[in-house]
Amino acid sequence: MATYMELRSLFGVGTLHDKMEVAVCLKAYAVLQEATPSVARVAWAKETLQNPKAEADYLLTYALCANAALTVAQIQAATDAALLVNVAAAVDKLYP
């Protein structure tokens with residue numbers, strides 16, 4: 001299990017954050033492909049595509065909390081697919 005300080009060291013920097021930026025963009029694209037996305041989801045997608053770094057910061061924090069039981073090495077080794085699953089779960093909860 002990662003300590004609080006270890007988790008904090010992963011906020012907003014490095015490869016993990018870079019991968020999260022791509023994941024939020026892919027989820028934003030997926031939202032815009034939905035048959036009838038809500039107004040909130042369309043607004044989120046638009047905002048995310050305009051500023052993916054800010055949304056990556058926000059959702060990386062969510063993903064780190066969701067995976068706090070893992071070690072730092074396990075978190076840093078997260079696959080692209082695993083990050084996208086975390087992003088999708090967060091977006092579906094935060095922007096119904």
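Are any residues in segment 74-88 at pLDDT 95 or above, of a type in the set (A, V, I, L, M) and loosely packed, with under 14 Cβ neighbours inside 10 Å, and if so, which ones?
Selection gives A81 alone.
Say we look at segment 10-39 and pick out the residues that are of a type in the set (A, V, I, L, M) and out of contact with any helix residue (DSSP H, G or I) (no Cβ under 9 Å at 6 or more places or on another chain); which of these is farthest from Y95 (Cα to Cα)? Lay out the reasoning, then the answer.
Step one: of segment 10-39, the residues of a type in the set (A, V, I, L, M) are 10, 13, 16, 20, 22-24, 26, 28, 30-32, 35, 39.
Add one more test, that the residue is out of contact with any helix residue (DSSP H, G or I) (no Cβ under 9 Å at 6 or more places or on another chain), and what stays is 13, 35, 39.
Values: V13: 25, A35: 16, V39: 9 Å.
Once the filter is applied, the top-ranked residue is V13.
Being in contact (Cβ under 8 Å) with a residue 24 or more places away in the chain and within 14 Å of the chain's Cα centre (by Cα) is the filter; apply it to segment 32-52 and report the residue that is surrounded by the fewest Cβ atoms within 10 Å (Cβ to Cβ).
L49
From the list E6, E55, which one is among the acidic types (D, E), more than 16 Å from the chain's Cα centre (by Cα) and either surrounded by 13 or more Cβ atoms within 10 Å (Cβ to Cβ) or not in a helix (DSSP H, G or I) (or both)? Full working, then the answer.
Working: E55 fails: more than 16 Å from the chain's Cα centre (by Cα).
Exactly one of E6, E55 is among the acidic types (D, E), more than 16 Å from the chain's Cα centre (by Cα) and either surrounded by 13 or more Cβ atoms within 10 Å (Cβ to Cβ) or not in a helix (DSSP H, G or I) (or both), namely E6.
May I ask you to list the residues in segment 55-83 that are touching a Ser or Thr at 6+ places or on another chain (Cβ under 8 Å) and closer than 18 Å to V31 by Cα?
E55
Looking at segment 9-25 only, could you name the residues that are surrounded by fewer than 16 Cβ atoms within 10 Å (Cβ to Cβ) and of a type in the set (A, V, I, L, M, F, W, C)?
F11, V13, V22
Give just the number: which of (1) on the phi > 0 side of the Ramachandran plot; (2) without any contact (Cβ under 8 Å) to a residue 12 or more places away in the chain does M5 not satisfy?
Against the list (1) on the phi > 0 side of the Ramachandran plot; (2) without any contact (Cβ under 8 Å) to a residue 12 or more places away in the chain, M5 comes up short only on (1).
The values are calculated or read from the model by the stated rules, or taken from the named source; none is laboratory data. Note that the coordinates shown come from a computational prediction; the quantities given were computed from them, not determined experimentally. In this analysis, Cβ positions are derived from the backbone assuming ideal geometry, glycine residues included, and neighbour counts consider all displayed protein chains.
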